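Below is one structure; the comments refer to it alone.
Taken together, the values in this text are just the output of simple stated rules run on the coordinates, not laboratory data. Keep in mind the model is a prediction, meaning the values are calculated, not measured. Glycine also receives a Cβ, built like all others from the backbone with ideal geometry; neighbour counts cover every protein chain displayed.
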Amino acid sequence: MATNIYSGSSSIESFEFVMEICCNCNLPFMMPKWFREHVVNDSRVNFYCPKGHSQHYTKTLREEMNDLIQTNKTKLESKNS
C-alpha cells in the first residue's frame with residue numbers, strides 16, 4: 001500500500017497498487033488496484049506500460065461465455081429453420 005500526500009492540503013489518501021509486467025518488454029510496473037480490476041473486466045480498455053507499449057486483457061470469462069451462448073443459439077436457430 002502506498003500513501004500519497006498532496007502538498008498544500010491536510011488530507012492523506014491511501015491507494016493500493018498491484019504489479020503488472022509488460023507483455024512486450026517485460027518491464028514490471030505498478031497500477032492502482034481499482035484500475036487493474038477495471039481493465040481485467042473490460043477487454044476493450046487499453047493501458048500502457050511506462051515505455052508506451054499498448055496492452056489489454058483478452059476477453060473475460062463472462063465475455064467468452066456470452067460468445068459461446070450466442071454461437072450455440074445461432075446454430076440451434078439454423079437447425080430449426
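Dividing the convex hull volume of the alpha carbon atoms of the chain by its residue count gives 136 Å³ per residue. The charge dipole of the chain, taken about the Cα centre with unit charges on the Cβ atoms of Lys, Arg (+1) and Asp, Glu (-1), comes to about 300 debye, rounded to the nearest 20.
Using the Cα centre of segment 2-80 as origin and beta-carbon charges of +1 (Lys, Arg) and -1 (Asp, Glu), tell me which of CYS49, THR60, CYS25 is placed farthest towards the positive end of the dipole. Going by the Cα projections, it comes out as THR60. Any idea what angle helix 61-80 forms with the longest principal axis of the chain, computed on alpha-carbon atoms, 0 to 90 degrees, nearest 10? Tilt relative to the chain: about 10 degrees. Fewest-first ordering of TYR57, TYR48 by other beta carbons within 10 Å of each residue's beta carbon gives TYR48, TYR57. Going by neighbour counts of Cβ atoms within 10 Å, the residues LYS33, LYS73 line up, fewest first, as LYS73, LYS33. In plain terms, the residue of THR74, THR60 with the fewest other Cβ atoms within 10 Å comes first and the most crowded comes last, giving THR74, THR60.
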